[in-house]
Structure formats: C-alpha cells, structure tokens
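Please treat every number below as a calculation from the coordinates, not as lab data. This is a predicted model, so every value here is computed, not measured. Here the Cβ positions follow ideal geometry from the backbone for every residue, glycine too, while neighbour counts run over all protein chains shown.
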Amino acid sequence: MINAFFELEPAEKTLRVMNRYRRDHPLYTIPHQEPEKLKRILENQDLPAGAQGVQNLYHKGILVDRVRSEGLERFKRFFAQVGPDVDLYSLSLVVAREYLRSEFAVIVYEDADLDLDFRLWQTPSPKDTNAPRNYLVLYREPGQLRQLKQEMDTKRGDTLFLCRVMQGRIAEIGPMYVTHPTFCLDCMVRKLEAYHIRWSSPLSVPAGQLLEEEFLKSLIDHYSSYITLLSTVHERKMLLRDQEIGFTSLITPRYSRCHCLIS
C-alpha cells in the first residue's frame, strides 16, 4: 500500500511520487511507458511485498504493508494540530522514517478492557537488534515495572509509555520516558507517585481513544526532537477520575537516594 504521506501522480512516461505536503517537486520519479497502469498496480491493496519490481519501493518507504499504512494514517491525523511554524513536509519525512525503522511492543502486566487494535503497535518479528523499540506498558502496581529490565535496552534509546490499569479500566495515562544509557528503572519506579495535580479538564472522549491519541502524539514529538509539542504526558501523567482528567506536574525518573551510579 502507498505510504499515507505520499501519493502517485502520472506524467508523460513517468510516475511521480509526491509528498502530500509539498506538491511542487516529486520525491521520486519512476520511468514507465504506461504510468496510469503502473499507478493502479501500485495502489492495489493486495499487492504483495515480494512482487516483481516493488522491493525497492518498499525499501524507500513508498510502499508499506497494510498495518504500517494504517499506522501512518493515524499519525497523519494529528498534523492538523501542529503549530504553523512547523514544516509539515519535513515532519512527514521524519515521522515516516522513524516509524518504519522502529519496533513496537505492547506489554501487559494487567489486563484491561480496551477497544484498541494492538496489531498496529506490535512488530511481528524483529527487524534490527539496534532498532529503537517503543513499549506500551499496561500495569497496576509500579513494582511490576521492574520486570522491564528483561525487555528494554537503554543503549537503543527505547521509549516507555506507561498506562496504569485499575479494575480493568484505564486509571492513568503516562508518563512517557525516553531511555538512555544512564536511565535507571528503579529510580523511575520510585518516583512515579511523586507529583501534584496542576490542572483538570473534562474527559470528553473514551479512555481507550485518549490513550492511543497520547501515545501517537508523544511519538510524533519524540521523532521530531520535540519541535512539535502535541502530547501532555512527557514525564507527566494524566489521571482519569469520574469523567475528569487531572494533569500532573513533571515526574522526573531520577531518585536522589538511588545507588544507580547516575552522576
């Protein structure tokens, strides 16, 4: 399937690959005697990745599998919320590149009744041992998160997006942390309850929808090196109580009494 940020435009003996946010110049051109026919072939949702002549298009991210296409489409929905000073063309290239090279995993320490398609956020098989991994973690008690030591690799720059579940329902969304070589999981666990509520607002969408929206927006922010500021859960939580959202103060994952060798 076509990358959600791209579209195909037939020209004379050429099929042009255009970015939706910059139409004055093609990203790529594909010479072909019948560009209209080629466009129909490439837009066929059932075109297999192993079909003759398309491997390079998959490698360049022009074509993607059905799951990745849906993932990119969901990222694209939030571009309308980006500030006017952000170049959407550059942002689309960065988000597509980082999303397609990343791996995703959902780790469930506590079951929840969520209306979410987790297929979008689980990589079927590892692509690259050095590829960063984005974890969506459902838990009940902070101590359960120490099990993540067996999963994550801080040298890769993995991300952790936490979601606390109480009695089968979402109780807290966030924080989202970007790990690094000196990131201490024990510090993070100790500090998760060290916050105060800064402001509140009504809960206007289902909790599962809010979870996915914040997850996606936090990744756009991360991929863009925080040029965008879409999410409210970077090292912060959203507390869901009685149709209200409480937004917390910063929850730094660093505990002053920890012996984790952080300098």
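Each semi-axis of the equivalent ellipsoid for segment 207-259 is √(5λ) with λ an eigenvalue of the Cα gyration tensor; in descending order they amount to 21, 19, 9 Å. Based on a Kirkwood Rh over C-alpha pairs, give the Stokes-Einstein translational diffusion coefficient of the chain at 37 °C and viscosity 0.692 mPa s in µm²/s. Estimated diffusion coefficient is 163 µm²/s.
For the chain, the membrane-span-like helix rule (DSSP H, alpha carbon extent of at least 18 Å along the helix axis, mean Kyte-Doolittle at least 0.5) picks out 88-101; this says nothing about an actual membrane. Averaging 1/r across all pairs of distinct Cα atoms in segment 53-200 and inverting the result yields a Kirkwood radius of 17.3 Å.
Explain nothing, just the number: relative contact order of the chain, from Cα pairs under 8 Å at least 6 residues apart, as a whole percent. Numbers along the way, then the final one.
Details: 447 pairs, mean separation 38.6, N = 263.
So the answer I get is 15 percent.
Given an 8 Å cut-off on Cα distances and at least 6 residues of separation, report the relative contact order of segment 23-165 as a percent.
Working: 118 pairs, mean separation 26.4, N = 143.
Value for segment 23-165: 18 percent.
Taking K and R as +1 and D and E as -1, what net charge do the other residues with C-beta under 9 Å from the C-beta of L8 add up to? My count for the surroundings of L8 gives -1.
Near H234, the amide H atoms lying under 5 Å from its own belong to M176; only residues 5 or more places off or on other chains count, and H is placed 1.01 Å from N. Here's how it looks for M152: its modeled amide H is under 5 Å from none belonging to a residue 5 or more places away or on a different chain. P(r) tail, segment 134-174: Cα-Cα pairs separated by more than 13 Å, 54% of all pairs.
Expressed in Å, the radius of gyration and Dmax of the Cα atoms of segment 178-228 are 14.4, 38.
Find how much the distance from R20 to R40 grows on full extension, using 0.36 nm per residue of separation minus their present alpha carbon separation; answer in nm with one decimal. Before the final figure, lay out the partial values.
Values: separation 20, 0.36 × 20 = 7.20 nm, distance 1.83 nm.
Working it through step by step, the gained length comes to 5.4 nm.
For A171, the amide hydrogen comes within under 5 Å of the amide hydrogens of R164, V165, M166, counting only partners 5 or more places away or on other chains and with H modelled in the peptide plane.
With only alpha-carbon atoms in the gyration tensor, what are the semi-axes of the equivalent ellipsoid for segment 1-106, in Å, largest first? Write out the running numbers ahead of the final one.
Details: eigenvalues 114, 68, 22 Å².
That gives 24, 18, 10 Å for the three semi-axes.
Segment 28-73 and segment 1-17 have their alpha-carbon centroids 9 Å apart.
The DSSP beta bridges internal to segment 75-211 are antiparallel in roughly 35% of cases.
What does the charge add up to near I227, with Lys and Arg as +1, Asp and Glu as -1, over the other residues with Cβ less than 14 Å from its Cβ? If you can, show how the numbers build up before the last one.
Working: positive: K217; negative: D85, D87, E98, D221.
Every neighbour counted, the sum reads -3.
DSSP beta bridges fully contained in the chain are about 70 percent antiparallel.
Listed by chain and number, the aspartates and glutamates placed with their C-alpha closer than 17 angstrom to that of K191 are E141, E172, E235; residues fewer than eight positions away on the same chain are left out. Evaluating 6.51 cos²θ - 1.76 cosθ + 1.60 at θ = phi - 60° for every residue in segment 143-154, the Karplus couplings come out as x, 4, 6, 5, 5, 5, 4, 7, 10, 8, 10, 5 Hz, glycine and proline recorded as x.
Let's test the formula: R0 of 51 Å, r as the Cβ-Cβ distance of R97 and Q167. What FRET efficiency results, to the nearest 0.05? Numbers along the way, then the final one.
On the way: r = 40 Å, r/R0 = 0.78.
Plugging the Cβ-Cβ distance into 1/(1 + (r/R0)^6) gives 0.80.
Listed by chain and number, the aspartates and glutamates placed with their C-alpha closer than 13 angstrom to that of K149 are D158, D186; residues fewer than eight positions away on the same chain are left out.
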